[in-house]
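To keep things clear, I will list the structure first and then write my remarks on it.
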Amino acid sequence: MNVMNLQPGSSANTVLVLTEPGDTTADLVVKELDQRGAQVFRVDTAEFPLSLQVSARFDGGWGGEISGADGSVDLRDIRSVYVRRPTEFVFSASMTDAEQRFAAREARRGIGGLLMGLPCSWVNHPSKVADAEYKPFQLAIATACGLAVPRTVVTNAPADAAEHSAFLGAQAIYKALASAVVSDGQRPSIIYTTDVSFADMADSRVALTAHLFQARIPKVRDVWATVVGKQVFAANIIATGKAAGELLDWRSDYAALRYEPVSLPPSVEASLLTMTDRLGLCFAAADFVVTADDEHYFVDLNPNGQFGWIQEATGLPIAAAIAAQLTGDDR
């Protein structure tokens, strides 16, 4: 899907921030925006329609107002939209489930379509984020852009386990295709990347849904590379102590990690920027595993990844770069 390149008016100075109230990562960007003198209107979509109102009129272009408990913004004053972690619409408890489902569809098409119709820039455009979240698609684009990618299988066919095992080699891993966070209704848990055997791939439960299996790369470190526009802020993630050389998924033991800024090899950085450009993203966080001979393998890209923790640990000015992107100061 091609996104129309609508440019903000010269007088537009407001950054619309869409996220949940407790988003500390967004707080970092808002602070940078304040320091730049930008006007910020921050709301969560969960506020609509109970405490957030929209009144818009079209006559060759959209005008009108979004207003909530903390103020209002003229649609023509919006120069950019920062989409972080907006949550689901919340409707009146007097509505039936069917009515709420219908209202949610209408709200998404109405509010989302209205914002997409404004002459403003995005970090990131929702349609581009939606495309980029498909991991098999990511791997194909990464390879086309010159990045090394481990051999990968997507399957629900346990009967093909022998063929898949031979294809992937002596060591293989499983990783979730979508969000690794799963809730059983009580508390969330994380599905970490795990080692798998032939027996795991042959398990009859593999037939229940799509699974992603991948060749395990013998890594010495991970690299988390945050892209903002044409800048790349990369950091080594190194397991220490007993976890050194053994930690398959660094998210499983933050206490064992240390971080340090690093530069990607020029060819890897150029390929990563080509990838984000092809995906239509001006922000993304990419995960690489690096071998002893400094071969960088692309394994994942999050078009809306966290960065506050890595900025705090390394001092990399990621929030400032995002603020510059939103205000047009990066040009």
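The values are calculated or read from the model by the stated rules, or taken from the named source; none is laboratory data. Source: prediction; values computed, not measured. Cβ: placed from backbone, ideal geometry, glycine included. Neighbour counts: every protein chain shown. Just so you know, the surface numbers come from the protein's heavy atoms only, side chains and all, with ligands and any DNA or RNA stripped out. Shrake-Rupley method; radii C 1.70, N 1.55, O 1.52, S 1.80 Å.
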**Item:** For region 20-68: rounded, prolate or oblate by the Cα gyration tensor [a/c cutoff 1.5]
**Value:** oblate
**Asked** Over region 118-265, what is the mean sequence separation of C-alpha contacts under 8 Å (at least six apart), divided by residue count, expressed as relative contact order in percent?
**Response** 20
**Item:** Solvent accessible area, Å² - MET95, 1.4 Å probe, full protein context
**Value:** 60
**Asked** So what is the diffusion coefficient of region 84-151 in µm² per second by Stokes-Einstein at 37 °C and 0.692 mPa s, using a Kirkwood Rh over Cα pairs?
**Response** 217
**Prompt:** Which whole-number percent gives the relative contact order of the chain, counting Cα pairs below 8 Å spaced six or more residues apart?
**Reply:** 18
**Message:** How far apart, in nanometres, would the label points at SER179 and ARG251 be if each is projected 7 angstrom from Cα along the Cα-to-Cβ direction?
**Reply:** 1.1
**Request:** Mind giving me the nanometre distance, one decimal, between the label points for ALA166 and ALA202, set 7 Å out from Cα along Cα→Cβ?
**Result:** 1.4
**Message:** Per residue, how much accessible surface does region 72-212 expose to a 1.4 Å probe? Answer in Å², no decimals.
**Reply:** 56
**Solvent-accessible area per residue, Å², over region 215-331 with all protein chains present [probe radius 1.4 Å]** = 42
**Compactness of region 1-128 as Cα Rg over 2.2 N^0.38 Å, two decimals** = 1.06
**Prompt:** Given the convex hull over the Cα atoms of region 49-117, what projected area results after averaging over all orientations, in nm²?
**Reply:** 5.4
**Prompt:** Roughly how many percent of the accessible protein surface of the chain is carbon and sulfur, given a 1.4 Å probe and a whole-percent answer?
**Reply:** 50
**Request:** Take a quick pass over the chain and tell me how many lysine pairs come in under 30 angstrom between Cα atoms, counting only ones 8 or more apart or on separate chains.
**Result:** 12
**Item:** Nitroxide proxy distance, nm - points 7 Å out along Cα→Cβ at ALA292 and SER51
**Value:** 5.7
**Prompt:** Share of antiparallel DSSP beta bridges in the chain, in percent to the nearest 5?
**Reply:** 80
